[in-house]
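Step one of this worksheet: look at the structure below.
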Amino acid sequence: MKATFAKFFLVLSLLVCTSAFAGSNSVQFNKVEMLYAQSGNYIYIHGEGLSKIDKIKLGDDVVIEEFESQANELLTARLPESVGPGSYILSAYYKKLIFKFSKKIDVTLGTTGPTGPTGSVGPRGPQGPQGIQGPQGLKGDKGDRGPQGEVGVTPEQLQKMELTLNNLKLENEALLETLKKWKAAINKFAGRDILIDL
């Protein structure tokens, strides 16, 4: 009788200790979110003590191999491609010393929604800085021939012009001497000076 009572007391004490141990610093789920992306579908679990989790199952058969915890309050798990839409029980397993515990939560996986409409055009951005100077351009085509210039003076014509000017100068000097002689003759004949400006 005493041996039976002792065994019962030992089992009861072990259950009470295990329950208390599991309740302290245990894993807690606060929120579960889904992310559908081209690289795959992900589950984000927000809670406490998530770094203790060492195994995750979806339903009875699907084991999620790719997951990691961040800051003990966020766990990211990548769903296998075989998982389709539906309602599942997500189970997280963790250990404390020699004891194993699990935390379960109901999750619903939906299908990817349709593509949303194109957003409106954003405002025009500011003007960019001035660009650097470009390379030198290629040589252009040869221009059209210009109009013909006026006929110039040849050296022979220039020499003739010089001779003509010299002859005129000599003729003017001879004419001036002739007029001076006429003036002297008239003055002598008239007996007075006449007003001839030479």
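Each value in this text was obtained by applying a stated rule to the coordinates, not by laboratory testing. No experiment lies behind these values; they were computed from the predicted model shown. As a convention, Cβ positions derive from the backbone with ideal geometry for all residues, glycine included, and neighbour counts pool all protein chains shown.
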### Query
Order of 75-86, 115-126 by packing, highest average Cβ count within 10 Å first?
75-86, 115-126
#### Entry: Cross-link reach list, lysines versus Lys181, counting only Cα pairs under 26 Å and skipping chain neighbours closer than eight places
Lys169
## Note on the structure
The answer for Leu79, listing residues at least 5 apart or on another chain whose modeled amide H is closer than 5 Å to its amide H, is Asn41, Tyr42, Ile43
#### Entry: Net charge contributed by nearby residues that have their C-beta within less than 14 Å of Thr154 (K/R +1, D/E -1)
-2
